[in-house]
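The values are calculated or read from the model by the stated rules, or taken from the named source; none is laboratory data. As the structure is a computational prediction, the values presented were derived from the model and not from experiment. Glycine also receives a Cβ, built like all others from the backbone with ideal geometry; neighbour counts cover every protein chain displayed.
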Amino acid sequence: MDYAVRVSHYVDPATFELQRDVILLISGSHVAEVIVGGEVSGGLKGLAEHTLDFDNAVCLPGFVNSHAHLDLSHLHGQIPNGLTFPEWAPAVIAGRAMPQAMIDAGIDDACRMVVASGTTSVLDISVNGDSATPLSKHGVNGLLALEVLGWSGDAAEKAMQHADEIVRAKFALDRERLGDDAGEADAPAKPDGIDYAFSPHAPYSTSMELYQHAFGRAFGEGRVCTTHVAESLEEEQFIRDGSGPLCELLGKLGIDLSSFKGFGVTPLALLLGDWLMPWLGAENHRLVLVHCNYAREGDFELLAQSKPSVCWCPRSHAYFKHEPWPLAQMREAGVNLLIGTDSLASNDGLDMLGEIRQAANHADANVTELFRAATINGRKALGIENEAADFAVWGLPQGAGNDRDGLLKAMLENETPLYASFSRGNLIARAI
């Protein structure tokens, strides 16, 4: 065994039930055995090559940040508060033109923030794949959702070609560059722990043809596919009748909308009821819909039929002062609820505990449900096995008690220190 880790409190990633006095035995990237009771003659010595013994600590599944834009991290604190979405978007577009060295430094700093906050996996929306190497270097599971967009159907092929160029550069064999070290044809050279997905940007910026191309390919290859949808009132107005501030912004960006009169439906109805219908089954957890801030009554019926994963970004939601998030309706629809941070262009941090604290202020919030959304629900969406050695060990907060729900609530009410975290069986953070 590589590691033996003992904790006083353990939340099982399969059942999410609390167990007491547990020893985890880690072999490679998986938890090989869970010893409940924790009393082993002679202690941990001899159980594994490395041992970590925590008397008063809680082990949780590692946080899964199900929506991030790490390549916008250099914009942290650079965009004023109080902007509407159509006012905020041009600032972000301008920020993408900053020097690559500044963008790279921002991504590296963001990866450090991720690791320091007990996050072990990130679904990152990536324009050029720039976060692949930094995420791997810092030991984080990374799924790069390659962003594609283009309003006209003619742009679909070009957008997918750009995504394929990133795949070839970051994930596919490069024998000319690596020589014999490139490995066999069925073992591509890629950053350790990093894979890719596809992300058509949003219905207001991406054509039906491009959506169908990207989602069809993702589904065909068994990959995650993710998109922003129903994010703002301006998006809803544009999709319904082709008017409003978002229409004006797209016109300024050079898109000819003179003949566009809208689709006459909500963004979610357009996406789930028309464009993606051929690929949708009864459960679509690997389809990750982000924001859904303005899901309407008819939309919840579509969500209940297709049961995708839906990612709520609580602090970014608060930044834009959106209407209260439809948590109760999402719960009733049976979606796989996820939590993400969005970008540092609309958030002050990348810590998932901060997102849960913000979400817990919601009138319909259940703390245990939020922790599930930030951990095991994210694993389900990203295809991470229950046995994966992806977990974080936290100091036991004051007032934790012996029940799971009380312990999780106490974690939010106290400053809870991170003791250690593992990703793919590798120790990526250790404070004590």
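Brief remarks follow.
- Residues located in the range 328-365, provided they are free of Cβ contacts under 8 Å to residues at least 24 places away in the same chain and of a type in the set (A, V, I, L, M, F, W, C): none
- Qualifying residue in the range 340-359 (condition: farther than 18 Å from V114 by Cβ, in the same structural domain as L70 (by TED's automatic domain parsing) and buried (at least 21 other Cβ atoms within 10 Å of the Cβ)): yes
- Qualifying position, being in contact (Cβ under 8 Å) with a residue 12 or more places away in the chain, of a type in the set (D, E, K, R) and closer than 25 Å to N361 by Cα, among E323, E283: E323
- The range 33-75: number of residues that are free of Cβ contacts under 8 Å to residues at least 12 places away in the same chain and on the phi > 0 side of the Ramachandran plot: 3
Okay, residues lined up against (1) under 22 Å from G406 (Cβ atoms); (2) in contact with a strand residue (DSSP E or B) (Cβ under 8 Å, 6 or more places away or on another chain):
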site: V5; (1), (2): no, yes
site: H9; (1), (2): yes, yes
site: D12; (1), (2): yes, yes
site: L18; (1), (2): yes, yes
site: S27; (1), (2): no, no
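- Odd one out for P326 among (1) crowded, with 21+ Cβ neighbours inside 10 Å; (2) more than 18 Å from the chain's Cα centre (by Cα); (3) under 15 Å from A269 (Cα atoms): (3)
- Odd one out for D405, checked against (1) part of a helix (DSSP H, G or I); (2) buried (at least 17 other Cβ atoms within 10 Å of the Cβ); (3) not assigned by TED's automatic domain parsing to the domain that holds D124: (2)
- Residue match in the range 80-102 (condition: in contact with a strand residue (DSSP E or B) (Cβ under 6 Å, 6 or more places away or on another chain), among the polar types (S, T, N, Q) and assigned by TED's automatic domain parsing to the domain that holds I166): no
- Candidate set: the range 298-323, residues that are surrounded by fewer than 23 Cβ atoms within 10 Å (Cβ to Cβ) and in a loop (DSSP other than H, G, I, E, B); chosen: the one nearest to the chain's Cα centre (by Cα): K307
- Entirely in the range 72-143, the helices (runs of 4 or more DSSP H) that have 1 or more residues that are within 30 Å of Y419 (Cβ to Cβ) and among the basic types (K, R): 100-116, 132-137
- Top-ranked residue of the range 152-206 - restricted to ones that are touching a Gly at 6+ places or on another chain (Cβ under 7 Å), outside any helix (DSSP H, G or I) and at pLDDT 85 or above, ranked as surrounded by the fewest Cβ atoms within 10 Å (Cβ to Cβ): G193
- With respect to the conditions (1) surrounded by 15 or more Cβ atoms within 10 Å (Cβ to Cβ); (2) at pLDDT 95 or above, L250 falls short on a single one, namely (2).
- Residue match in the range 369-386 (condition: in the same structural domain as G298 (by TED's automatic domain parsing) and more than 21 Å from L143 (Cα to Cα)): yes
- Selected residue (criterion: surrounded by the fewest Cβ atoms within 10 Å (Cβ to Cβ)) from residues of the range 274-297 that are of a type in the set (G, A, S) and modelled with pLDDT under 95: A282
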